[in-house]
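The values are calculated or read from the model by the stated rules, or taken from the named source; none is laboratory data. Every value quoted in this text rests on a predicted model; they were computed, and no experiment measured them. We place every Cβ from the backbone using ideal geometry, glycine too, and count neighbours over all the protein chains shown. Ligands, DNA and RNA are excluded from the accessible area calculation, which covers all protein heavy atoms including side chains. Shrake-Rupley method; radii C 1.70, N 1.55, O 1.52, S 1.80 Å.
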Amino acid sequence: MHYVRDMDAATSRHLPGRPLAVPNLLTYSRIVAVPVVVACMYWQSILSGGMWLRWVALTIFIAAGITDILDGYLARSLGQQSSFGRMLDPIADKLLVASCLLMLAADETIRGWSLWAAIVILCREILVSGLREYLAELRVSVPVTRLAKWKTTAQLVAIGFLLAGKAGDEIIAAVAHNTMVPVVTLTGLTLLWISAIVTLYTGYDYFRAGVRHLIEE
């Protein structure tokens, strides 16, 4: 019922747009980071570029992840919360997560059974996006909950490990003077499964809260 109360509260609270507020500018930078990270991964995996490209992609990805933390904090501390930011923030997260998952699947960092974890995450994002769009027509806003934020954080950490992937595994192997053991990749895949499980839970809660409004209509 917590999600339902949040949705009811959102229907009665109207926020200004503020497209050029500082938190929204940070969100824009996260969207701009998407094609840069994809380009680095494409160059490294598809065009057989150097492993250094994975570190560049990881650095940009981490910077983008930091903006995800900062935009919400600054919006609250500066009193710059806006309806535009509330709409754009989850979209930026979804673009970053989805594009990285697709590139990681393309270079087979994510493969086999682990592809199901990526599919669960992507399907949930599509479901919630469709639910948001439909409820917007009913003038019902679906706020980003705290658990959903933790879900996004878990996804970002998992993807960070997977972006390092082979490059990180090579460094660990060199330091340990041992054969290649995919520690970094395996850590990322484990975290990906954990985030997929949390994703299922949050997706179900959003769906249940949305169905309540659909039935009332």
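Assigned to a helix (DSSP H, G or I), modelled with pLDDT of 75 or more and closer than 24 Å to residue 129 by Cα: which single residue out of 74, 58, 53, 101 fits that description? Only one candidate qualifies: 101. Of the residues examined, residue 112 is one that is out of contact with any Ser or Thr (no Cβ under 7 Å at 6 or more places or on another chain) and either within 24 Å of residue 67 (Cβ to Cβ) or among the small types (Gly, Ala, Ser) (or both). Scanning segment 104-137 for residues that are under 17 Å from residue 36 (Cβ atoms) and part of a helix (DSSP H, G or I) turns up 104, 106.
Conditions (1) among the aromatic types (Phe, Trp, Tyr); (2) over 13 Å from residue 156 (Cβ atoms); (3) in contact with a Leu (Cβ under 8 Å, 6 or more places away or on another chain); (4) open to solvent by 40 Å² or more (accessible area, probe 1.4 Å), marked per residue:
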{"position": "64", "(1), (2), (3), (4)": "no, no, yes, no"}
{"position": "77", "(1), (2), (3), (4)": "no, yes, no, yes"}
{"position": "91", "(1), (2), (3), (4)": "no, yes, no, yes"}
{"position": "95", "(1), (2), (3), (4)": "no, no, no, yes"}
{"position": "101", "(1), (2), (3), (4)": "no, no, yes, no"}
{"position": "107", "(1), (2), (3), (4)": "no, yes, no, no"}
{"position": "117", "(1), (2), (3), (4)": "no, yes, yes, no"}
{"position": "129", "(1), (2), (3), (4)": "no, yes, no, yes"}
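Of the residues making up segment 154-201, those that are assigned to a helix (DSSP H, G or I) and modelled with pLDDT under 80 are 173, 174, 175, 176. Is it fair to say residue 58 is closer than 30 Å to residue 167 by Cβ and in contact (Cβ under 8 Å) with a residue 12 or more places away in the chain? The answer is yes for residue 58.
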